[in-house]
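Have a look at the structure below, then the notes.
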Amino acid sequence: MLAYDAGRFVGEALLAHQGLRPTQAGGHLAVTDPSFPGEHVEAAEVVAAIATAQSLLIAGEQLIEHLRLFV
């Protein structure tokens, strides 16, 4: 869940940099709300999620300097 939030925050930061914001409707909740009894997360899944969040951060850092205020 924290890795998902980190990736989402990267996207929100890129929007904010342009003077935009995500919808208030809570579209991301569809990803986080479902839960399954007995669901088990493997360590490899956690490592992969963290690596993805880190990749998104790196890409966001490279992209942000090219973004301007959205008008």
Looking across the stretch 42-71 at residues that are acidic (D, E) and part of a helix (DSSP H, G or I), the single one that is farthest from F9 (Cα to Cα) is E45
In the stretch 16-68, which residues are surrounded by 12 or more Cβ atoms within 10 Å (Cβ to Cβ) and at pLDDT below 90? P22, H28, T32
Pairs please, first residue from the stretch 8-36 and farther than 20 Å from E65 by Cα and among the charged types (D, E, K, R), second anywhere and surrounded by 13 or more Cβ atoms within 10 Å (Cβ to Cβ) and modelled with pLDDT under 80, Cβ atoms under 7 Å, 6+ apart in sequence or on different chains. none
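The values are calculated or read from the model by the stated rules, or taken from the named source; none is laboratory data. Model, not experiment: these values are computed from the prediction. Neighbour counts run over all protein chains shown; Cβ positions are idealised from the backbone, glycine included.
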